[in-house]
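Some notes on the structure that comes next.
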Amino acid sequence: MKKLLILLLLPILAYTQSPCDADVCVVQFNAGWNSGNDVEWHGKLKDCEIKYIDIAAYPDVASKYEIVVVPTIVVFNGKEVKRFQADISFAIAATKSEVQEVVDEILMDQF
């Protein structure tokens with residue numbers, strides 16, 4: 001029974017695991033065709049690893065992390081902590097401050 005449960009949970013565990021090496025990581029998922037809506041402040045976040053993944057180039061990643069709209073920003077701490085998604089116009093409403101606040105909360109909780 002335990003083996004069956006583990007097999008059923010493997011896809012869920014793969015989805016929640018971070019694509020980064022660092023503990024705290026912020027990933028922007030976007031597509032080349034939507035580069036006009038890239039989140040410009042994404043690279044200016046502090047105290048975290050920053051990663052950009054083009055889901056047009058890596059469609060398997062879009063499926064793995066269930067990216068349904070771009071851009072999407074996901075904050076990871078080994079697993080997914082918070083997700084910020086674009087609206088119907090393919091623009092993200094989240095601010096740098098909102099995302100940085102999530103990163104800062106993770107770091108404070110580690111103390």
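The values are calculated or read from the model by the stated rules, or taken from the named source; none is laboratory data. Every value quoted in this text rests on a predicted model; they were computed, and no experiment measured them. So basically every Cβ, Gly included, is an ideal-geometry build from the backbone, and we count neighbours across all protein chains shown. Surface accessibility is based on the protein's heavy atoms, side chains included, excluding ligands, DNA and RNA. Shrake-Rupley method; radii C 1.70, N 1.55, O 1.52, S 1.80 Å.
What do you get for Rg/Rh of the chain when both radii come from the Cα atoms and Rh is the Kirkwood radius?
1.01
Measuring with a 1.4 Å probe in the full set of protein chains, what accessible area per residue, in whole Å², belongs to the chain?
Averaged over the residues of the chain, the accessible area is 63 Å².
Take every DSSP beta bridge with both residues inside the range 21-111 and express the antiparallel ones as a percent of the total, to the nearest 5.
The antiparallel fraction comes to roughly 65 percent.
Could you look at the range 15-94 and say what percent of its accessible area is carbon and sulfur, using a 1.4 Å probe and all protein chains?
On the range 15-94, the fraction of accessible area on carbon and sulfur atoms equals 50 percent.
Return the unpartnered cysteines for the chain, using a Cβ-Cβ cut-off of under 4.7 Å.
Isolated Cys, the chain: Cys48.
Just want to confirm a number: the relative contact order over the chain, from Cα pairs under 8 angstrom separated by 6+ residues, in percent.
29 percent
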